[in-house]
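Undergrad: Have a look at this one.
The values are calculated or read from the model by the stated rules, or taken from the named source; none is laboratory data. If you're wondering where the values come from, they're calculated on a predicted model, not measured in any experiment. Reconstructed Cβ throughout: ideal geometry from the backbone, glycine too, with neighbour counts over all protein chains shown.
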Amino acid sequence: MLVDIQNLRVSFATRTGTFEAVRGVSFQIGTEKLGIVGESGSGKSLTARALMRLLPQNARITADRLSFDGVDILKADERAMRGLRGKRAGFILQDPKYSLNPVMTIGRQVAESWRQHKGGSRKEALEAAVDLLDQVRIRDPRRVCDLYPHEVSGGMGQRVMIAMMLAPDPALLIADEPTSALDATVQAEILRLMEDLVSKRGMGLILISHDLPLVSHFCDRVAVMYSGRVMEELSAGTLAQAKHPYTKGLLNCLPSLTHPKPRLPVLSRDAAWLQS
Amino acid sequence: MTKRLNALAGLLASVGLTLLGLVIITFLIGRVMPIDPVIAAVGDNAPQEVVERARLEMGLDQPILMQFFHYVVQLLHGDLGRSILTKNPVISDIARYFPATLELATAAVIVAALIGIPLGVWAAVKQGTWIDQAIRVVCLAGHSLPVFVLAMISLLVFYAALGIAPGPGRQDIVFQDMIPHVTGLLTVDSIIAGDWDAFWDALAHMVQPVCILAYFSMAYITRMTRAFMLDALRGEYVITARAKGLSSMSVIWIHAFPNVGVQLVTVLALTYAGLLEGAVVTETVFSWPGLGQYLTVSLMNADMNPVMGATLLVGLVYVGLNLLADAVYRQLDPRVR
């Protein structure tokens, strides 16, 4: 078992009290692909960041169990966390325009990630970076190494991000809306590349998205989140048999080319969902 | 290549235009001020014919465009006119006063940056904690205390009461005119002369004014650095850096800090330029014969040639430092290249 989360709660202290953004999320994942879907603010990103303890300082994390790779995240000190971050789990952010350091060359950023966990000389690290860029199918990786993030396209930036996060050979890849900032044509390409590399390396994947069909296409299991809770967890193939009204609602409100509806239904929400 | 040449041509044109504007403004200062340069030169009680002759000699009967033309020609010959007060050519006065300010300002900006930048980064990293608050108080005091109060207290305590600091002035009377003038910077000149006693004396005299000037500059640099860093630390790339498993030191200094480089250079250049204008109050309290004092005394005595000369110099300093800052931007941020 790679990740074991039981009753995870994340809350923030605000001026008027505390706001609970994640309210009792539980799931487990091994070397498989789990998709987490939900609308904005449903707590899917926070759940993933809590797992790596990458939340802002004012966030309070509690859980009955929050373990990664056998390490208790709630009790681990900063040094232990640094051993996990990057080395055991890679974290891919949404928009490479912001998530890559604008004043550092791509080669240096990838090499740094490799060297941080594998050691070795600068030169070896740079060679490794070239090899990694080649693995994410960047043409002419040696030239790209000397470029700055603003000089490459969004799709290529996200490939760089993937290369950087795969550099230390982690066991799990967490991708937080990795394609939301990309063109529709590039999205599928990036997802296929990610899936390919994850399968080849026998890694686990947590794919966070708001695109339910897309996630179900790429993942083994899907967890549907709403308002800080998991509403329903089901295997990707059985999406059509979803029981929860929220999941059904999400599926229903998608426009379809083959069966166009004059009017899309409005997603209905029920406060009772949060009671149990 | 042609792109480079174009950029260079553009740069030269903009510098040329700036300098022209600067010269026009300087010239207008000398003409628009409600001061009659003739009276200032010959005195209030001079007979009418002397005044008339002086007016002709100074070319003030000519149309203003001609006067401006003559002024520019003079400038191009390196002639800034003569000071009525010191009887010296303004250019040689400036050569004597400016190094004193240069020495003070350079030392002050270095001290201010070396303390202010790390302090600002620290405050940003510890945002909201007592460390941040303490740094805020220190900076607020730096912003709000009048210079002369601090300078007087410093002199009273360290010079008058404790006797561990030298008094006002740039050097002890013993060393006066003992060091041959090379750069005008006493510390550098005494090293060149190999006179270590004079060097330590000059350095000791700098400590108090430098500390006071540096404190005020530091307050500004710290506040700005803190603001820039807070912004940088909120960047997504900082999360990426942490997600890579880097230490917080690496995250702060290797990833966040280089991103504030451009803004920081702007602040440093402006601070340095401000200090090079001459800190009138500090220079006065410490009897420091610098540009600020020279400018003020000349202005008080309606001695316009030094005022125009010093204004021109300050303008040149700003233009020069801006050019330098632009060059540094390109080094620090690949997006500006």
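Undergrad: Can you list the helices (runs of 4 or more DSSP H) lying wholly within the stretch B:188-293 that have 2 or more residues being under 30 Å from B:Thr129 (Cβ atoms), within 14 Å of chain A (Cβ to nearest Cβ) and at pLDDT below 95?
TA: Those helices (runs of 4 or more DSSP H) span B:196-233, B:236-243, B:261-276.
Undergrad: Kindly evaluate A:Val37 against the criterion of being crowded, with 22+ Cβ neighbours inside 10 Å and more than 13 Å from chain B (Cβ to nearest Cβ).
TA: Considered against the rule, which asks whether it is crowded, with 22+ Cβ neighbours inside 10 Å and more than 13 Å from chain B (Cβ to nearest Cβ), A:Val37 comes out as yes.
Undergrad: Take the residues in the stretch A:40-63 that are more than 14 Å from every other protein chain (Cβ to nearest Cβ) and within 21 Å of A:Met165 (Cβ to Cβ), then tell me which one is modelled with the lowest pLDDT.
TA: The extreme case among them is A:Lys44.
Undergrad: Now for a separate question. Scan the stretch B:303-324 and give yes if some residue there is assigned to a helix (DSSP H, G or I), within 14 Å of chain A (Cβ to nearest Cβ) and not hydrophobic (A, V, I, L, M, F, W, C), otherwise no.
TA: Checked against the condition, which is being assigned to a helix (DSSP H, G or I), within 14 Å of chain A (Cβ to nearest Cβ) and not hydrophobic (A, V, I, L, M, F, W, C), the stretch B:303-324 yields no hits at all.
Undergrad: Look through A:Ala163, A:Ala125 and report the one residue that is over 21 Å from the mean Cα position of the chain (by Cα), within 14 Å of chain B (Cβ to nearest Cβ) and not polar (S, T, N, Q).
TA: On inspection, the qualifying residue turns out to be A:Ala125.
Undergrad: Report whether or not B:Leu80 is in contact with a Gly (Cβ under 6 Å, 6 or more places away or on another chain) and not hydroxyl-bearing (Ser, Thr, Tyr).
TA: In short, yes.
Undergrad: All but one of (1) more than 16 Å from B:Val210 (Cβ to Cβ); (2) under 16 Å from the mean Cα position of the chain (by Cα); (3) surrounded by fewer than 18 Cβ atoms within 10 Å (Cβ to Cβ) hold for B:Asp326; which doesn't?
TA: Every listed condition holds for B:Asp326 apart from (2).
Undergrad: For the stretch B:325-337, which residues satisfy the criterion of being more than 14 Å from every other protein chain (Cβ to nearest Cβ) and among the hydrophobic types (A, V, I, L, M, F, W, C)?
TA: B:Ala325, B:Ala327
Undergrad: Could I ask something else about it? For A:Tyr148, which of the numbered conditions (1) buried (at least 22 other Cβ atoms within 10 Å of the Cβ); (2) of a type outside the set (Lys, Arg); (3) within 14 Å of another protein chain (Cβ to nearest Cβ); (4) in contact with a Ser or Thr (Cβ under 7 Å, 6 or more places away or on another chain) fails to hold?
TA: Exception for A:Tyr148: condition (1).
Undergrad: Also: From the list B:Ala204, B:Ala219, which one is surrounded by 18 or more Cβ atoms within 10 Å (Cβ to Cβ), in the same structural domain as B:Thr106 (by TED's automatic domain parsing), closer than 27 Å to B:Ala141 by Cβ and not acidic (Asp, Glu)?
TA: Within the list B:Ala204, B:Ala219, the selection yields B:Ala219.
Undergrad: If I ask for residues that are closer than 27 Å to A:Leu2 by Cα, in a helix (DSSP H, G or I) and within 7 Å of another protein chain (Cβ to nearest Cβ), which ones from the stretch A:84-111 would you list?
TA: Once the filter is applied, which keeps residues that are closer than 27 Å to A:Leu2 by Cα, in a helix (DSSP H, G or I) and within 7 Å of another protein chain (Cβ to nearest Cβ), the stretch A:84-111 yields only A:Ser99.
Yes/no per residue for (1) in contact with a helix residue (DSSP H, G or I) (Cβ under 8 Å, 6 or more places away or on another chain); (2) in the same structural domain as B:Ala202 (by TED's automatic domain parsing); (3) under 30 Å from B:Thr187 (Cβ atoms):
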site: B:Leu20; (1), (2), (3): no, no, no
site: B:Met33; (1), (2), (3): yes, no, no
site: B:Val38; (1), (2), (3): yes, no, no
site: B:Val42; (1), (2), (3): yes, no, no
site: B:Val50; (1), (2), (3): yes, no, no
site: B:Ile64; (1), (2), (3): yes, no, no
site: B:Phe68; (1), (2), (3): yes, no, no
site: B:Arg96; (1), (2), (3): no, yes, yes
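Undergrad: Can you pull out every residue in the stretch B:158-187 that is part of a helix (DSSP H, G or I) and surrounded by 14 or more Cβ atoms within 10 Å (Cβ to Cβ)?
TA: Matches in the stretch B:158-187: B:Phe158, B:Tyr159, B:Phe175, B:Leu186, B:Thr187.
Undergrad: In the stretch A:73-80, is there at least one residue being crowded, with 20+ Cβ neighbours inside 10 Å and touching a helix residue (DSSP H, G or I) at 6+ places or on another chain (Cβ under 6 Å)?
TA: No - not one qualifying residue is present in the stretch A:73-80.
Table: residues versus (1) among the β-branched types (Val, Ile, Thr); (2) within 30 Å of B:Val210 (Cα to Cα).
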site	(1), (2)
B:Ser247	no, no
B:Ser250	no, no
B:Val267	yes, yes
B:Gly278	no, yes
B:Thr284	yes, yes
B:Leu295	no, yes
B:Leu299	no, yes
B:Asp303	no, yes
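Undergrad: Name the one entry in B:Thr183, B:Thr187 that is within 20 Å of B:Ala112 (Cβ to Cβ) and of a type outside the set (A, V, I, L, M, F, W, C).
TA: B:Thr187
Undergrad: Moving to a separate point now. Quick one: A:Leu66 ticks every box in (1) within 10 Å of chain B (Cβ to nearest Cβ); (2) part of a strand (DSSP E or B); (3) hydrophobic (A, V, I, L, M, F, W, C) bar one, so which box is it?
TA: In the conditions (1) within 10 Å of chain B (Cβ to nearest Cβ); (2) part of a strand (DSSP E or B); (3) hydrophobic (A, V, I, L, M, F, W, C), A:Leu66 misses (1) alone.
Undergrad: Is it the case, given these coordinates, that A:Val160 is of a type outside the set (Ser, Thr, Tyr), crowded, with 20+ Cβ neighbours inside 10 Å and in contact with a helix residue (DSSP H, G or I) (Cβ under 9 Å, 6 or more places away or on another chain)?
TA: Answer is yes for this residue.
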